[in-house]
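Notes follow the structure.
No value in this document is a laboratory result; all are computed from the given coordinates. Keep in mind it's a predicted model, so treat the numbers as computed, not measured. Backbone-built Cβ (ideal geometry, glycine too); neighbour counts: all protein chains shown.
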Amino acid sequence: MKPRHLLFASAVAAASFGCNSNTTEGTVATTEAVAADSLQQKLDAYTTVRLTADLGHLSANEKKMIPLLIEASDIMNKLFWYEAYGNSDSLLAALDNEAAKQYTRINYGPWDRLNNNEPFIPGVGPKPEGANFYPEDMTKEEFEQANLPGKDSQYTFVRRDGNGKLITVPYHVQFKEEVQRAADLLKQAAKLAGDPGLQKYLNLRAEALLTDNYQPSDLAWMDMKNNKIDIVIGPIETYEDKLLGNKAAHEAYVLVKDMEWSERLAKYAAFLPELQRGLPVPDKYKAETPGTDSDLNAYDVIYYAGDSNAGSKTIAINLPNDEEVQLKKGTRRLQLKNAMRAKFEKIMVPIADELIVEDQEKYVTFDAFFANTMFHEVAHGLGIKNTVNNKGTVREALKEQASALEEGKADILGLYMITQLHEKGELEGDLKEYYTTFLAGIFRSVRFGAASAHGKANMVRFNFFEENGAFERDAQTGKYRVNYDKMREAMNKLSEKILTLQGNGDYAGVAALLDKQGQISPQLQTSLNRLTEANIPVDIVFEQGTEVLGL
């Protein structure tokens, strides 16, 4: 089979944005203008943010670490390009339109991540469900029937040999030169690290890139407590693999810890076991005990790369994903405060003005947005990681459906946690702020489209809440009003449904839920169109790097 990028290059040469050799000069100009205008509209869905942070509290050596960590992170861009598409150089070289190149870089390929991965370049077909992790012509059935060592690893590519037989290629073999360079940079940074925990983690993470054995570095990352600088780097999330939901994609974040905000958050992790026991499901679905070493911290993010930088940008992190590490140590929840504030001011506030009724608009606040996002990440630690009926882990049982349902669980249990902690007097503010901001947040996230696990989860929740009367839409103004009592009832009902589906490893049940509820209704689309017409951006892109930081 001819590689996708070669097919694309041929198509561009023939199509030239929809023109052929018989078109008149005037028609060519008009067609190109239409293409450019369409791409410019897509670019306008993103607003640009300079990614900066206060580095004044860092030592001289910590400041020297940052360029090394950014350089290592930038290598993740190249690796993710390969995983998401293939050869980026041939793709970008075939484009003679700057808007097309810019939008392609935002999406790490020619498919629009905010529009269900629809192709936006002529000559490009649908995005393969398995991205570039598997042969494009491989089916699920062929994969499942193959007796192939390492095929279920999150860190192998599946390829065909010269005879067409499936083989596996480990990441550290495919990317030998790149991971060696990234590992060297992490080791250089480790020599500058004043914190012993950070030094240990950087050295172990460097080794992990060279071996694909990430658990020792995950455990070391969980043990870090006093570091001011942090980096998340490597193959981590499996969202890009929509065929089987198994292969991890490379990404990176370089982070500076906000010590003051982190102190404010530290107390909440201690409530996890108590909140787990109170979940609105039978005991067997909450039998596991969350790890007690879970951390809540606030950071300013100063560099995104790879998967985390593609399309819509992450504003909070909950890691590691390794179920064994989670049960032993818990997870760390990192709130990316500067990116979060940028999204709130540039996106959430305008959305509330457009779609929330006037007397409830005042309840949309940054503190509630921060808390909803934070407890979403904390809620990933609730429920269970292993099915109750010996189907293995929830992730293994639900396959490519696992990510969307897990994000839905985290959203709804995050709101459950807020409600419980507020009633205990452990959380300040009016509960109406959290609920109203939660609804405004659905409008923000649902615009990411069904190609995003977060977007699909938001559609499910919006439709479920609407069916259960958690909010109603004013027919005259087109704005929404929260019914706070019914929202709470719907929250408990959906929590029970999702936790039960996960615990049972009910693949068919999850597919039915996502098929029924994971769609945008005509009425919701009308509301989303209002946001587009009001020129409210969907997400953000960054000016970032050492120059922006003044280093």
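What percent does the relative contact order of the chain come to when contacts are Cα pairs within less than 8 Å and at least six residues apart? Intermediate values should be presented prior to the final figure.
Details: 955 pairs, mean separation 93.0, N = 551.
Across the chain, relative contact order equals 17 percent.
In deg cm²/dmol and to the nearest 500, what is the mean residue ellipticity at 222 nm of the chain if only DSSP H runs of at least 4 residues count, each as -39500 (n - 2.57), divided by the residue total?
Details: 25 runs with 282 residues, N = 551.
So the helix-based figure for the chain works out to -15500 deg cm²/dmol.
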Which whole number in µm²/s is D for segment 274-340 by Stokes-Einstein, with the Kirkwood Rh taken over Cα pairs at 25 °C and 0.890 mPa s? 176
Once both label points are put 7 Å beyond Cα along the C-beta direction, the Glu260-Asp485 separation in nm becomes 4.2
In nm, the gap between the two label points placed 7 Å beyond Cα toward Cβ at Thr139 and Thr532 is 3.6
Counting sequence-distant residues (5 or more places) and residues on other chains, those with an amide H built under 5 Å from that of Arg332 are Asp295, Leu319
Mind running the shape call on segment 162-256? Use the C-alpha gyration tensor, a ≥ b ≥ c as the square roots of the eigenvalues: rounded below 1.5 for a/c, prolate if a/b tops b/c, oblate otherwise. prolate
Suppose R0 equals 45 Å; then what is the FRET efficiency for Glu396 and Gln476 from their Cβ-Cβ distance, rounded to the nearest 0.05? 0.35
Total formal charge among the other residues, if their Cβ is under 14 angstrom from that of Pro216, Lys/Arg +1 and Asp/Glu -1: -2
Note the listed values (1) 24.4; (2) 29.6; (3) 25.9, then indicate which one is Kirkwood radius over Cα pairs in Å calculated from this particular structure. (1)
Read phi for every residue in segment 534-551 and hand back ³J(HN,Hα) as whole Hz from Karplus 6.51 cos²θ - 1.76 cosθ + 1.60, θ = phi - 60°, with x for Gly and Pro. 7, 6, 7, x, 7, 7, 10, 10, 10, 8, 8, x, 5, 5, 4, 7, x, 9
Size of segment 253-403 as Cα extents on the principal axes (Å, biggest first): 48, 37, 33
From the backbone phi of segment 221-235, what are the Karplus-calculated ³J(HN,Hα) couplings (6.51 cos²θ - 1.76 cosθ + 1.60, θ = phi - 60°) in whole Hz, Gly and Pro given as x? 5, 5, 7, 6, 10, 10, 6, 8, 10, 8, 9, 9, 8, x, x
Have a look at the DSSP beta bridges in the chain and tell me what percent are antiparallel, nearest 5. 75
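Compute, for the chain, the length of the dipole vector about the Cα centre, with Cβ point charges of +1 (Lys, Arg) and -1 (Asp, Glu) only. Units Debye, rounded to 20.
Values: 62 positive and 79 negative charges, 140 e Å.
Taking the Cα centre of the chain as origin, the dipole is about 680 debye.
How high is the relative contact order of segment 225-294, in percent, counting Cα pairs under 8 Å that sit 6 or more residues apart? Don't skip to the end; give the middle numbers.
Values: 67 pairs, mean separation 17.1, N = 70.
Across segment 225-294, relative contact order equals 24 percent.
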